[in-house]
Amino acid sequence: MTGSGSVQRTDRLWFSLRAVLAALLISVFPAASSAASCDETRGLEKFHKAIEDVEGGARSRPLTILHLGDSHIALDSFTRGLRNRWAGIFGSAGRGLMPGVPFRYYSPDGFKPEMSGNWDIASSLPANATGPFGIQGFRASSADRNAVMSVHSESAVSRVVIDVYGTPYSGALLLKLGDAATLKLPTKRDVPGLVQLSVPAANVHEVRLMPAGTGDVHVLGWSFLSSVSPGMRYDSFGVVAATASITTRWDRQTVHAQIAAMKPDVVILGFGTNEGFNNVLDLEAYRQLAGGFAREIEEAAPDASIALLGPFDGARQGTGEACGDGWMTPPKLDGVRRVLRDVAAAHGYFFWDGGAAMGGRCAANEWAKADPPLMYADRVHLRPAGAEQLASALWTALKEQEKQGSSCARAGDQG
């Protein structure tokens, strides 16, 4: 995503009504073009079945949501409204975090992560990124016994799950939960791959993680879970400036193992904005990329629904279709939405058009000029009020879709 958020090393009100009406129109009108797919599947059936089971007391495992994407979810401004709404119904069962402080301004709601000592933070964003990455998109490595990764959680933590990439030469980790004695956790694997370390905690608020000094450790991320039952777990991992191509640099076996262990009820994919700003984007290649990763998720989590989010509207100075005041709609942005809509229709996924929910083309320019503004002056990133408005619209679509018609119908109406 164009904007800030570099990787660190160690150290007019009226317009909102238009947007709401647009969001409602997405979910009401049927489409003939995808009728066959709609007959076969309703994109959120598995998710809604999970909701019914949790609400009816048929299962104790938390309702689990995994949301991957770009800078729109790198911070919690957009996902906050979704997470808080689900937690308001079921209670919060916790969430997963990236390792340490992977980028500037990383401040997940309810947690204060810190790092000290000699950590090497690697990002999967660069095209030449090497080494193992999981769904978090970052990796923190160190062999320094003085290196510390810590988290303060506002809510009590009853279990910590640490995702580590283990090798035959990996060292051990030291884990300190509150005032309890330090635990030594091995991370070696004869065959390199994911090691998940799940440790119960006595409702602590402070967690510290350190290399034991016995070799390199490679931390991919960690989760902080609560005893709320059944509860809701909402994991969101976004990388600033990411496109869907970032997933090609993630270790396939690690990603599969992470998702399979999480057992999500819905996986939300929120890539597309940065692709839409690329004037030379090959839309057919993008179709193969987006569809391929979604199918990999299906293999890892066969009981999960998959939701594809069409990118929000955006504008820039330069080439594109004029919106006024010198701002242009990037020429590939709507093409990305069409591709994602088609992929969803072809495979029975849920599709939600973020641009239409804003009010359609040139909405970004209007949102930036609104009083108060709903979008920042860059016409790309959402201000808190705009993020909350769109979170509300998406949450309604995810929660109420079974009452309004199939996801295919919702997708097909948008041309």
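Here are the numbers for the structure shown:
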quantity	calculated
Prolate/oblate/rounded call for the range 265-415, Cα gyration tensor, a/c under 1.5 rounded	oblate
Taking the convex hull of Cα positions in the chain, its mean projected area over all directions (nm²)	19.4
Solvent-accessible area per residue for the range 77-147 (1.4 angstrom probe, square angstrom)	38
Theoretical FRET efficiency, 1/(1+(r/R0)^6), r = Cβ-Cβ of LEU183 and SER60, R0 35 Å, to 0.05	0.85
Within the range 171-192: backbone nitrogen closer than 17 Å to the GLN253 label point (7 Å, Cα to C-beta)	187-192
Carbon/sulfur fraction of accessible area - the range 96-188, other protein chains in place, 1.4 Å, %	50
Using distinct alpha-carbon pairs, which all enter the 1/r mean, Kirkwood radius of the range 250-324 in Å	14.4
The range 116-213 - percent relative contact order, Cα under 8 Å, separation 6 or more	33
Among VAL101, THR79, GLY69 - extreme Cα towards positive end, dipole of the range 59-108, charges at beta-carbon	THR79
Student exercise, the range 198-282 dipole from Lys, Arg, Asp, Glu Cβ charges, in Debye to nearest 20	180
Full-stretch length increase - SER155, ASN278 - with 0.36 nm per residue and alpha-carbon distance subtracted	40.1 nm
Per principal axis, descending, Cα span of the range 167-254 in whole Å	42, 37, 22
Helix-only mean residue ellipticity at 222 nm for the chain, each DSSP H run of n ≥ 4 adding -39500 (n - 2.57), per residue, nearest 500	-9500 deg cm²/dmol
Gain in span if fully extended, HIS205 to THR319, counting 0.36 nm per residue against the direct Cα distance	36.0 nm
Within straight-line cross-link reach of LYS263, lysines at Cα separation under 26 Å, skipping those fewer than 8 residues along the same chain	LYS46, LYS49, LYS188, LYS399, LYS403
Placed amide H near CYS323: partners under 5 Å, 5+ positions off or other chain	MET328, THR329
At R0 = 22 Å, FRET efficiency that the Cβ-Cβ distance of SER229 and ASP109 yields, to 0.05	0.55
Relative contact order %, the range 200-310, counting alpha carbon pairs below 8 Å whose residues are six or more apart	32
Computed magnitude of the charge dipole of the range 146-292 (debye, nearest 20; Cβ of K, R +1, Cβ of D, E -1)	380
DSSP-defined antiparallel bridges as percent of all bridges, the chain, nearest 5	70
Label zone at ASN84, where the point sits 7 Å out along the Cα-to-Cβ direction: the range 214-254 residues whose backbone N lies under 18 Å	232-236
Phi-based couplings in Hz for the range 166-171 (Karplus 6.51, -1.76, 1.60; Gly and Pro marked x)	x, 9, x, 10, 5, x
Within the accessible area of the range 293-405 (1.4 Å probe), percent carbon and sulfur	50
Magnitude of the charge dipole, the chain, Cβ model with Lys/Arg +1 and Asp/Glu -1, debye to 20	460
Dipole axis of the chain (+1 Lys, Arg; -1 Asp, Glu on Cβ), positive-most option in LEU194, ILE297, VAL240	LEU194
Positive-end residue, the chain charge dipole about Cα centroid, Cβ charges, pick of SER158, PHE90, MET262	SER158
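The values are calculated or read from the model by the stated rules, or taken from the named source; none is laboratory data. Please read these numbers as outputs of a predicted model, since none were measured by experiment. Here Cβ is always computed from backbone atoms with ideal geometry, including for glycine, and neighbour counts include all displayed protein chains. We work out accessible area using only protein heavy atoms, side chains counted, and drop any ligands, DNA or RNA first. Shrake-Rupley method; radii C 1.70, N 1.55, O 1.52, S 1.80 Å.
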